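Beneath this line is the structure, given in structure tokens, with notes to follow.
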Amino acid sequence: MPKKIKIYIDNRPYEIEDGQTIMQAADKLGYHIPRLCYHPKLSIEGACRVCIVQVEGMKNYVASCAYPVADGMKILTHTKELRTARRDIVELILDNHPEDCHTCERDGICELQRLAYAMGLRHRHFEGERKCYAKDLSSESVIRDPNKCILCGRCVRICSEIQKVNNLGYAYRGFKTVVIPAYDMPFSESVCTACGQCINVCPTAAFVEKNHTQELFEKLQDDNLVKIVQFAPSVRAAIGEAFGFEPGVSKEKETVAALRRLGFDYVFDTQFCADLTIMEEASEFLERLKGKGKLPMITSCSSAWMKCMEQFYPDLIDNISTCKSPMSMMGALLKTYFAGKIKTEPKKILSVAVMCCTAKKYEAARPELRVNGMPAVDIVVTTRELAWMIKSGGVDFINIKGEDFDKPLGLSSGGGAIFGATGGVMEAAIRTAYELYTGEPLMEIEINELRGLKGIKEGLINLDGAQVRVAVAHGLGNANALLEIVRKDPGRYHFIEIMGCPGGCIGGGGQPYAGLNSIPLDEDTLKKRAQALYDIDRHKTIRRAHNNPDIRRLYKEFLGKPLGDKSHELLHTHYKVKFPRGIIPQELTAR
Amino acid sequence: MSCSAKAQDSKLSELNRFMDALKGLSRSESNLIAILHKVQELYGYLDRDAMDEVAATMNIPTAHIWGVATFYHYFKLKKPGKHVIAICLGTACYIKGAGEILEKLKEELKIDIGGMTSDGLFSLEEARCLGACGLAPVMMIDGKIYGSLTPKKVSEILQGYRKRSSGE
């Protein structure tokens, strides 16, 4: 037990636990000290000085994010001098910032803008020097605009500390300091995994996704195209937040209805193809378990993880499941099976995916995922982009009446829904693998040890006497910790699920920005989004992928059997080593 | 194997010997600056392949190495020319017309400060006093001082280097 100490905040006495910073103590006592570079999941930067407070006996203001409390400490948080100093600090940041709020992508959802408002910045005293850099538009997923960067360093820290990708660093010095990949390389030639977490934590628009909304709006007007859209499980669990709904409210049916209003002819569910992935992946796993192929088998549906694997862990390529992601499986089916069903030329199909993910934009552009020379998915937009399109396209998302998915690619099991939460793919795969292997349905289908936000989760499944050891990691940093264990002890696990983003897809790089009352990657928000998916699962009558009647029909009419010739042609792929090779330091090297 | 490939090889093995001695130490990445000094000593600048080698051997992400390499002015990021010209822009030289000399150099070489001629023969740097103020304005080429410069003299000096180079 930490010892209790007494402190005074703004002349009021409080008894608190020792061993925390002034900001942490103040947060718990109902004070909100303004902040900018601070993030509770990341190391303390102390760069922005927005969170300064006065401490009796100290000559200078101290940064409350970094300064520890002490017994008897007298802290002032909102004096006239502090308010002026903080306002000046934010004003000086703005002096070097482009004056283009009203044309900026983050207008109205920008932390810097909000902070300036809260500081009461109503008058500008100075005109500072502006930065003048070219935007890096090279990546399929992440756009870097150093002109808007305020050097808070959150992106550098999340990239190195949480994701361990270490693609970003500070280069040059003084006013010329810039956040950039090694050798000033464009993103497309760097070790960036396209996870988009830099976008999630950026307080301004220095990082944004590559925007495809205008292109999509134009294509939606094209009468020669059959416009088909799919959306990921995690989109429904989070899109409401962009319209002011509380996190954790599923907006599945509303999203279907809104997509029809935007002009789509068919709205299908990525969860259907999550079920299909499970059929293929569970079958592949059982084959490997019988000795045909390498163990542990590692999941392949997270596109950021796939790019990371090719650059950081090429020694594990043979362990990766050959299954395409649910999004790419759906794309492949749309341009073959479904094109046949509606008697349309595949090239007249516009295949669109709404994803919680920025890396899916990169995945859609992978040449090896093309189907008969066409991209399986033509356009990927993020949850954020769709939310904007709904607002811009004049759809009343708040009052809209929900609608159902189209058939035959819209029905899904509960197993498909939980794909979006860390551990969900494993849980769904076990539900199906168990029955395929033993011939009996698994009774305890909610596998609690695989749920929740613990970095690495382990489970033990009894398949008719055979003990199957499974592990789950979310976020590329946790994945690294797990894979280091696997490299040392390759026989330890049989089956591993890895998701590139914290919390799984629900914490994806394309999800709505944190609102007024939350912070990026807030654990509470992630838990609520996951719960929304677990609730969908619980309310389904079909909870196991192999019981989905439309999946059975698809195999009967078109695919044949899991791992059959048609499946191999359309639903499986391969991976290869990519350069530059990624390097993961054993010790923390970033500041 | 060509001569230059052999020379590259021996540089790389010397760099690796240097790093091997540091690898076992705790927090070995704290030796990064010393290693980068070694790279510059061997290559004349921070060669990108050499930095990649440092990254792989010392297990330091390249983005972090790039941060250190760009922070310190001492580190050169571009390959220098065969002959490095340092033009003094210190007070004494400046008063004696270093500006005019610099303009002449830029015109003759068709490069700016920090650049290298397209044939790789010269690169141009600025210096802040070479300790030869009595000879102002001065420039230094590969460690040799040339004083009391005039634009005409600059032309002749460069011509001399060019001639010697084409005669080699």
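One table, with the values for the structure above:
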read-out: For chain A, share of DSSP beta bridges that run antiparallel, in % to the nearest 5; value: 55
read-out: Histogram of C-alpha separations across the range A:129-187, 5 Å bin width, %; value: 4, 18, 28, 30, 14, 4, 1
read-out: Cubic angstrom per residue, convex hull over Cα atoms of chain B; value: 134
read-out: Farthest toward positive dipole pole in the range A:111-209 [+1 Lys/Arg, -1 Asp/Glu at C-beta], among A:N147, A:L115, A:P186; value: A:L115
read-out: Along each principal axis, Cα extent of the range A:68-192, largest first, Å; value: 51, 40, 28
read-out: Efficiency of FRET from Cβ geometry, B:K163 and A:K578, R₀ 41 Å, rounded to 0.05; value: 0.25
read-out: For the range B:19-79 versus the range A:478-534, the gap between their alpha-carbon centres in whole angstrom; value: 34
read-out: Projected area averaged over orientations for the range A:214-571, convex hull of C-alpha atoms, nm²; value: 16.6
read-out: The range A:409-487: trypsin sites (Lys or Arg not before Pro) in DSSP loop, at most 15 other beta carbons within 10 Å; value: A:K454
read-out: Aspartates and glutamates whose Cα lies under 12 Å from that of A:K251, excluding same-chain neighbours fewer than 8 positions away; value: A:E241, A:E403, A:D404
read-out: Sites matching trypsin sites (Lys or Arg not before Pro) across the range A:83-190 that sit in DSSP coil, with at most 16 neighbouring C-beta atoms within 10 Å; value: A:R122, A:R124, A:R130, A:K135, A:R173
read-out: Shielding by partners - mean other protein chain Cβ count within 10 Å, residues of B:51-63; value: 6
read-out: Loop-located GluC sites (Glu not before Pro) in the range A:1-98, at most 13 other Cβ atoms within 10 Å (DSSP); value: A:E56
read-out: Packing-based ranking, highest mean first, of A:557-563, A:195-201, A:478-484, A:462-468 given that Cβ atoms within 10 Å are counted; value: A:195-201, A:478-484, A:557-563, A:462-468
read-out: Kirkwood Rh (inverse of mean 1/r, distinct Cα pairs), the protein assembly as shown, angstrom; value: 29.1
read-out: Residue-wise HN-Hα coupling along the range A:275-288, computed from phi with Karplus coefficients 6.51, -1.76, 1.60 (Hz; x: Gly, Pro); value: 4, 5, 4, 4, 4, 6, 6, 5, 5, 4, 4, 5, 4, 5
read-out: HN-Hα J in Hz across the range A:257-263 - Karplus 6.51, -1.76, 1.60, θ = phi - 60°, x for Gly and Pro; value: 4, 5, 5, 5, 4, 6, x
read-out: Base-10 log of normalised Debye intensity for the range B:83-167 (one unit scatterer per alpha-carbon) at q = 0.22 Å⁻¹; value: -1.02
read-out: Shielding score for A:572-581, defined as the mean number of other chain Cβ atoms within 10 Å; value: 1
read-out: Value of Rg/Rh across the range A:4-78 [Cα atoms, Kirkwood radius]; value: 0.93
read-out: Pairwise FRET efficiency - A:A85 versus B:I145, Cβ, R0 = 60 Å, nearest 0.05; value: 0.70
read-out: Entries in B:K11/B:K76; A:K253/A:K407; A:K41/A:K307; A:K6/A:K41; A:K4/A:K454 that, when Cα-Cα distance is taken, lie over 20 Å; value: A:K41/A:K307; A:K6/A:K41; A:K4/A:K454
read-out: Global geometry of the range A:389-437, whether rounded, prolate or oblate, following the gyration tensor of its Cα atoms and the 1.5 cut on a/c; value: prolate
read-out: Within 10 Å of each Cβ in A:166-178, the average number of Cβ atoms from other chains; value: 4
read-out: Prolate/oblate/rounded label for the range B:3-71 (Cα gyration tensor, a/c 1.5); value: oblate
read-out: Percent of alpha-carbon pairs separated by more than 18 Å within the range A:317-391; value: 44
read-out: For the range A:389-502, the fraction of alpha-carbon pairs in successive 5 Å shells from zero, as %; value: 2, 10, 17, 17, 15, 12, 10, 7, 5, 4, 2, 0
read-out: ³J(HN,Hα) computed for each position of the range B:126-131 - Karplus, 6.51 cos²θ - 1.76 cosθ + 1.60, integer Hz, glycine/proline x; value: 9, 10, 10, 6, 9, x
read-out: Long-range HN-HN contacts of A:Q230 with modeled amide H, under 5 Å; value: A:F268, A:V352, A:A353, A:V354
read-out: Calculated Rg and Dmax of the range A:43-118 using C-alpha coordinates, Å; value: 14.9, 49
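Read the figures in this text as sums done on the coordinates, not as results from a lab. All of these numbers come straight from a predicted model, not from anything done at the bench. As a convention, Cβ positions derive from the backbone with ideal geometry for all residues, glycine included, and neighbour counts pool all protein chains shown.
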